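Heads up, the thing below is written out as structure tokens.
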Amino acid sequence: GNSVTQMEGPVTLSEEAFLTINCTYTATGYPSLFWYVQYPGEGLQLLLKATKADDKGSNKGFEATYRKETTSFHLEKGSVQVSDSAVYFCALRQGAQKLVFGQGTRLTINP
Amino acid sequence: NAGVTQTPKFRILKIGQSMTLQCTQDMNHNYMYWYRQDPGMGLKLIYYSVGAGITDKGEVPNGYNVSRSTTEDFPLRLELAAPSQTSVYFCASSSHRQGLLTDTQYFGPGTRLTVL
């Protein structure tokens, strides 16, 4: 079945550091791929998405490129801020609107 | 525009008690979902609904029931609470229209449930 694997956390960085959170997936066909962010005490919010191979999703300085050859959708940001501290979830959707989530990666940014 | 609202925010139950988690959305979305999030884990789908009167099981439906009598509301019922149901529960909704491939799911703030 479909599955998503994220890099294990927690991840701790200093402000202005470069961020990469790895995400790989297993699916048949061509799923849509998503990154969701969960700030403390809140529900999940969509951060960015990509619907086909080589698409790049971007939002708030974050980017991720849909790589079908490596079945990956890694999240990157060039310069992180303290306000980026949150839990990040990679997810895929294939049919019937059902999302499959990775286990989440907790990110902490120190000033 | 409130989006997706959930009540209560927190609840402690004793084993064997029952309760209903409420979820309401005001975006006229046809799809609604219930997920649970266990510590250090991603979200797992419990039940979902594609419209009023239609519900279907997700990945982890055992111990739960749902109903969808209106477009706006999608309550989740726990009949006999067990410690394994201690989790954070999220409701979500999305709008799926024919020909539109990537509809965003909007999440509520969650209900933290503890069963002792």
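Key figures for this structure:
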item: Which numbered condition A:Ala64 misses (of (1) more than 10 Å from the chain's Cα centre (by Cα); (2) at pLDDT 95 or above); result: (1)
item: Residue among B:Arg11, B:Arg36 that is over 11 Å from B:Phe90 (Cα atoms), assigned to a strand (DSSP E or B), among the charged types (D, E, K, R) and more than 8 Å from every other protein chain (Cβ to nearest Cβ); result: B:Arg11
item: Matching residues in the range A:75-111 - criterion: being out of contact with any strand residue (DSSP E or B) (no Cβ under 9 Å at 6 or more places or on another chain) and open to solvent by less than 20 Å² (accessible area, probe 1.4 Å); result: none
item: Residues located in the range B:60-87, provided they are of a type in the set (Asp, Glu) and either touching a helix residue (DSSP H, G or I) at 6+ places or on another chain (Cβ under 9 Å) or over 21 Å from B:His29 (Cβ atoms) (or both); result: B:Glu79
item: Exclusive hit being open to solvent by 20 Å² or more (accessible area, probe 1.4 Å) and under 30 Å from B:Thr111 (Cβ atoms), set A:Glu63, A:Glu69, A:Glu42; result: A:Glu42
item: Test: residue in the range B:90-108 that is outside any strand (DSSP E or B), at pLDDT 95 or above and among the hydroxyl-bearing types (Ser, Thr, Tyr); result: no
item: Top-ranked residue of the range A:45-58 - restricted to ones that are surrounded by fewer than 19 Cβ atoms within 10 Å (Cβ to Cβ), modelled with pLDDT under 95 and assigned to a strand (DSSP E or B), ranked as nearest to the other protein chains (Cβ to nearest Cβ); result: A:Leu46
item: Options B:Ile46, B:Ile15, B:Ile54: the member that is over 21 Å from B:Thr114 (Cα atoms) and among the aliphatic types (A, V, I, L, M); result: B:Ile54
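The values are calculated or read from the model by the stated rules, or taken from the named source; none is laboratory data. Note that the structure is predicted; figures quoted are calculated from it, not measured. A quick note on method: Cβ atoms are made from the backbone with ideal geometry, for glycine too, and the neighbour counts reach across all protein chains shown. Each accessible area value is taken on the protein alone, full model and side chains, heavy atoms only, with ligands, DNA and RNA left out. Shrake-Rupley method; radii C 1.70, N 1.55, O 1.52, S 1.80 Å.
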